[in-house]
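K.L.:
My questions all concern the structure below.
Please treat every number below as a calculation from the coordinates, not as lab data. Nothing here was measured: the structure is a model prediction, and the numbers come from that model. No Cβ is skipped: glycine too gets one built from the backbone with ideal geometry, and neighbour counts run over all protein chains shown.
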Amino acid sequence: MIPELGHYALMLALGLALIQGTMPIVGTKTNDTVLMSIAAPVAVAHFAFVAMAFAALAICYVISDFSVLNVFENSNSQMPFIYRLTSIWGNHEGSMMLWVSILSFFGALVAVFGGNLPVVLKANALAVQAWIAAAFHLFILTTSNPFVRIPQAPFEGRDLNPILQDPGLAFHPPMLYLGYVGFSITFSFAIAALLEGRIDAAWARWVRPWVLGAWMCLTVGIAGGSYWAYYTLGWGGFWFWDPVENASLMPWLAGTALLHSAVVMEKRGALKIWTILLAILTFSLSLIGTFLVRSGVLTSVHAFATDPMRGVFILAILVVFIGGALALYGWRAPLLKQGGIFAPISREGALVFNNLFLTTACATVFVGTLYPLALEALTGEKISVGPPFFNATFGPLFIPLMVVMPFGPLMGWKRGDLIGAAQRLLAAAILAGLAMAATFALEQGGPVLAPFGAGVAVFVMAGAVTDIAERTLFMRVPFRAALRRAIGLPRSAWGTAFAHFGLGVTLLGIVAATAWGSERIAEMKIGDNLEIARYRLTFTGLFSRQGPNYHDMVGRFLVHRKNGDLIGVMEPSRRSFPSRNMTTTEAALMTRGVSQLYLSLGDPMPNGDLAVRVYFKPRVLLIWLGAAIMFAGGALSLSDRRLRVGAPQPAKARTALRAAE
Amino acid sequence: MRRLSLLVLLIALLHPSLSWAAVQPDEILPNPALETRARAVSQQLRCMVCQNESIDESDAPLAHDLRVLVRERLQAGDSDAQVLDFLVARYGEFVLLKPRLSWATAGLWGLPPGLLLIGLAVLVVAARRRRGGALEPAPKLTAAEEARLKRILAEDHGT
């Protein structure tokens with residue numbers, strides 16, 4: 001009964017999405033306020049039905065209803081509760097349900113919190129949001145229905161893939177989807193503005209919270225996925241330039257560009273047409289990411305061709321929405337008025353520089369990901385594009401961006417003072433030079449460019465601190481006055497400083513962990529010692545341990561400092577799951593400050609010895625710590641006063657309304 | 001097959017391919033300098049039966065054979081480039097994770113610098129035109145816009 005209710009709720013949601021997608025538009029064309037105003041309540045009802053469908057699926061998973069094919073294939077009654085829940089999005093159908101749930105959730109948020117939006121913009125934006133939802137509802141109902149029943153229900157499910165039975169997977173896909181799908185709102189606003197044929201600086205202010213929110217979720221989603229890969233895959237890699245990772249990086253790069261160009265638009269009324277294009281492109285990249293991941297085209301062009309139903313459907317969605325949006329853009333954008341004049345050396349100029357490099361970096365990832373597919377489809381020639389390509393192209397694009405980054409916030413709007421900014425950054429530059437010299441002197445080995453990378457990272461961090469110090473007149477006015485100024489600073493200024501600082505932290509982590517890490521691969525017998533970095537590991541024995549739905553073969557290692565102090569025990573294991581007849585490697589991690597010792601067990605050797613891989617990853621935790629700081633920066637920016645003004649206060653709402661006439 | 005289905009599943013979850021650092025203890029060369037070179041070369045080579053993995057990362061049997069082959073060639077005195085050439089001659093360009101510049105890959109390598117240059121050119125032209133345009137007086141604001149500007153400025157007062 002419950003799955004049928006879920007299925008029915010999803011169909012009703014499709015119906016509501018169709019109403020939400022048409023009636024308000026008719027209203028805006030006939031100037032019928034009643035029709036326009038139904039958009040908000042319908043959006044809320046639409047979300048309620050999607051949520052009902054999602055809840056129905058969740059109940060099926062929680063009570064282990066194996067008469068539902070999707071639950072049977074991806075769950076098992078022995079699994080801990082949390083994994084029974086997370087297996088909802090551990091498969092194609094369920095993850096699409098999560099996708100549409102988040103999509104309609106954002107629509108409902110706009111409906112509820114968009115009280116200060118102009119009626120026409122709100123009606124159009126909600127309608128566009130509903131088109132996307134309708135397309136994906138139809139996709140789920142026709143090709144990926146999670147509510148299909150098995151006539152004779154089996155007693156036990158097939159279990160979730162063991163690799164996915166991990167706390168990291170509870171958190172990371174929903175965050176990633178919140179980011180991906182969050183950009184649908186900016187897309188809808190952009191299309192709505194084009195439909196209406198008018199756009200002004202206020203548009204950027206309305207859109208900003210959504211861009212920020214989506215960007216924050218995407219940032220931690222990507223970082224979470226990277227950390228998950230780091231500890232799960234057993235060799236301590238944290239970024240692979242895998243097409244699936246690239247699919248999430250592209251919207252992040254475009255979204256970061258959008259975040260910056262929207263600032264220019266909001267403050268100075270310039271870059272309007274470009275910002276609209278970026279809003280369209282960012283969500284288009286999210287859609288392309290969904291297509292790449294969902295259609296199976298990445299595994300092989302041929303796999304796509306043999307079972308093309310889903311792929312072709314998403315491709316159709318892609319063509320209709322991206323093509324339609326760009327066509328509308330081409331037709332309407334020339335009608336929009338450009339504004340805001342600025343000199344090349346100015347805050348705007350710096351943000352344009354940021355946009356140029358971010359979009360080029362994004363295009364590089366895009367072409368690197370899709371070129372092999374396109375080449376094979378067109379000429380049959382097969383090439384590979386892997387990490388060495390991306391390192392050679394993405395790095396040189398990102399480093400100039402990082403070097404220029406500290407200058408941006410120190411420049412004035414309209415006309416900046418480059419020499420003045422450089423003088424104020426002198427301390428930061430000296431610090432960066434010292435860091436470069438210190439790493440060059442202290443760290444042995446590693447690429448020649450590594451100290452340079454560390455220097456850039458320190459420059460970015462010190463630059464962010466300089467920005468705050470300059471704004472608070474720190475050291476120039478009495479401390480209490482500086483403190484008062486710091487409290488009085490707009491939160492968005494703090495947000496900028498935090499986010500920039502976080503990026504520097506991440507870069508430092510990447511440079512240190514890749515350039516100065518050490519690795520030992522060895523066969524060990526019980527009682528053997530192995531030395532790595534400043535530590536000595538002693539293999540003391542093997543034992544077995546029973547988990548809820550798996551069996552662990554655990555190796556026990558004592559960790560000593562080189563001088564003999566015992567600092568802990570590491571217990572990596574090989575975990576076998578009888579229900580799928582599969583074995584995974586569970587690495588043991590020991591955190592020392594922000595560095596980590598990483599120990600994983602390899603395949604047992606023919607002679608009975610244990611193959612052991614040990615890595616020392618210096619400063620590796622900075623990579624994800626930096627992402628957390630970036631998230632905090634986004635949150636600070638989101639709490640800025642100017643995004644809250646005009647929130648549901650009747651008087652303000654009226655002025656906003658009048659302003660839009 | 002198990003590996004393949006795993007990969008499909010992982011990809012289904014927005015995730016990189018799965019691997020357990022593949023270099024086995026018995027593959028490691030006694031000469032550390034040569035081994036470092038072998039690792040660097042291995043990272044440039046694709047494991048052809050895997051999803052986007054280098055032979056250095058993959059635990060597929062083919063990757064093992066190729067790692068051993070790379071080490072044999074290096075021990076025989078080949079340069080890094082000769083090893084790569086040898087493998088390309090055997091397996092085609094597909095084996096290289098960083099494709100070589102050719103007509104087929106011109107778009108791939110040309111796009112990043114090309115786009116950057118085009119972007120710069122557009123910006124320079126736009127800046128020139130803007131400087132010219134700046135001499136013309138800006139159109140006057142309407143009364144409604146004037147009122148709006150006042151309101152926005154009042155809101156921005158804190159910033």
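K.L.:
What ranking do A:70-82, A:486-498, A:276-288 get when scored by the average of other Cβ atoms within 10 Å per residue, highest first?
P.N.:
Packing proxy ranking, top to bottom: A:276-288, A:70-82, A:486-498.
K.L.:
A:Asp417 to A:Leu326: FRET efficiency via 1/(1 + (r/R0)^6), r the Cβ-Cβ distance, R0 41 Å, to the nearest 0.05?
P.N.:
0.60
K.L.:
What whole number of Å gives the distance from the Cα centroid of region A:396-418 to the Cα centroid of region A:482-522?
P.N.:
17
K.L.:
Taking amide hydrogens as modeled 1.01 Å from N in the peptide plane, which residues meet the under 5 Å criterion relative to B:Ser54, leaving out close sequence neighbours?
P.N.:
Those lying under 5 Å, H to H, from B:Ser54 are B:Cys47.
K.L.:
Distances over 53 Å make up what percent of all Cα-Cα pairs in the protein assembly as shown?
P.N.:
15
K.L.:
Also, I was wondering about something else. So for region A:349-454, considering every pair of alpha-carbon atoms, how many percent are separated by more than 21 Å?
P.N.:
Distances greater than 21 Å cover 56 percent of the Cα pairs.
K.L.:
Moving to a separate point now. Just to check I understand the Karplus step: with θ = phi - 60° and J = 6.51 cos²θ - 1.76 cosθ + 1.60, what whole-Hz values come out for region A:48-56, glycine and proline as x?
P.N.:
4, 6, 5, 4, 4, 4, 5, 4, 4
K.L.:
Taking only the alpha carbons of region A:462-600, what extent do you get along each of the three principal axes, in Å, biggest first?
P.N.:
Its Cα atoms span 65, 43, 26 Å along the three principal axes.
K.L.:
How far apart, in nm, are the 7 Å Cα→Cβ label points at B:Ala33 and A:Ala628?
P.N.:
The two pseudo-label positions are separated by 4.4 nm.
K.L.:
Mind checking the alpha-carbon convex hull of region A:524-646 and giving the volume per residue in Å³?
P.N.:
Convex hull of Cα atoms, per residue: 158 Å³.
K.L.:
What distance in nm separates the simple spin-label points at A:Ala48 and A:Leu434, each placed 7 Å from Cα in the Cβ direction?
P.N.:
Spacing of the two 7 Å Cα→Cβ label points: 6.2 nm.
K.L.:
Multiplying the sequence separation of A:Glu571 and A:Val112 by 0.36 nm and subtracting their Cα-Cα distance, what value in nm do you get?
P.N.:
Net length gain for the segment: 160.2 nm.
K.L.:
Using a 7 Å offset from the Cα along the Cα-to-Cβ direction at both A:Asn529 and A:Arg476, what is the distance between the two label points in nm, to one decimal?
P.N.:
Label at A:Asn529, label at A:Arg476, 5.8 nm between them.
K.L.:
Can you tell me how much longer the chain between B:Ala106 and B:Leu120 gets when fully stretched, taken as 0.36 nm per residue apart minus their C-alpha distance, in nm with one decimal?
P.N.:
That pair, B:Ala106 and B:Leu120, stretches by 3.0 nm at full extension.
K.L.:
Hey, another quick one. About the Cα centre, and with charges only on the beta carbon of Lys, Arg (+1) and Asp, Glu (-1), how big is the dipole of region A:551-596? Nearest 20 debye, please.
P.N.:
100
K.L.:
Amide H to amide H, which residues 5 or more places from B:Leu97 or on other chains are under 5 Å from it, using H placed in the peptide plane?
P.N.:
Here the answer is B:Leu45, B:Arg46, since their amide H atoms fall under 5 Å of that of B:Leu97.
K.L.:
Thinking of region A:19-70 as a set of Cα atoms, what percent of all their pairs are more than 14 Å apart?
P.N.:
62
K.L.:
To continue, here is another question. With a 10 Å Cβ neighbour count serving as the proxy for reagent exposure, in which order, fewest first, do A:Ile314, A:Ile345, B:Ile118 appear?
P.N.:
B:Ile118, A:Ile345, A:Ile314
K.L.:
Oh, and also: Show me, for region A:30-35, the HN-Hα J-couplings you get by feeding each phi into the Karplus relation (A = 6.51, B = -1.76, C = 1.60, θ = phi - 60°), rounded to Hz, glycine and proline as x.
P.N.:
Couplings: 9, 6, 9, 5, 5, 5 Hz.
K.L.:
Next up: Please enumerate, by chain and number, the aspartates and glutamates with C-alpha under 13 Å from the C-alpha of A:Lys272, excluding those fewer than 8 residues away in the same chain.
P.N.:
Reachable aspartates and glutamates: A:Asp200, A:Glu348.
K.L.:
Using the C-alpha atoms of region A:216-297, what convex hull volume per residue, in cubic angstrom, is computed?
P.N.:
93
K.L.:
What residues have an amide H closer than 5 Å to that of A:Leu271, excluding those fewer than 5 places away on the same chain, when H is modeled at 1.01 Å from N in the peptide plane?
P.N.:
Result for A:Leu271 returns A:Gly339.
K.L.:
Other chains near A:238-251: what is the mean number of their Cβ atoms within 10 Å of each residue's Cβ?
P.N.:
Neighbouring Cβ atoms belonging to other protein chains average 3 per residue here.
K.L.:
So, one more: Tell me, what does the Kirkwood hydrodynamic radius of region A:104-190 come to in angstroms if you use every pair of distinct C-alpha atoms?
P.N.:
16.0
K.L.:
For chain A, what does the relative contact order come out to in percent, with C-alpha contacts under 8 Å and a separation of six or more?
P.N.:
12
K.L.:
Also, I was wondering about something else. Under the 0.36 nm per residue contour assumption, what length would be gained going from the current alpha-carbon distance of A:Lys382 and A:Leu335 to full extension?
P.N.:
12.5 nm
K.L.:
Oh, and also: Would you list, by chain and number, the aspartates and glutamates whose Cα falls below 19 Å from the Cα of A:Lys382, excluding same-chain residues fewer than 8 positions away?
P.N.:
Counting by Cα, and skipping residues close in sequence, A:Lys382 has these aspartates and glutamates nearby: A:Asp242, B:Glu53, B:Asp85, B:Glu93.
K.L.:
Would you kindly derive the ³J(HN,Hα) couplings of region A:532-548 from the backbone phi angles with the Karplus curve 6.51 cos²θ - 1.76 cosθ + 1.60 (θ = phi - 60°), listing them in order in whole Hz, with x for Gly and Pro?
P.N.:
Values, residue by residue: 8, 6, 9, 10, 10, 10, 10, 7, 9, x, 10, 8, 10, 8, 9, x, x Hz.
K.L.:
A further question on this structure: Determine the distance separating the Cα centre of region A:150-187 from the Cα centre of region A:337-384; give it in Å without decimals.
P.N.:
So the two Cα centres are separated by 31 Å.
K.L.:
Show which lysines lie in cross-link reach of A:Lys525 when reach means a straight Cα distance below 22 angstrom and same-chain residues fewer than eight apart are skipped.
P.N.:
Output for A:Lys525: A:Lys562.
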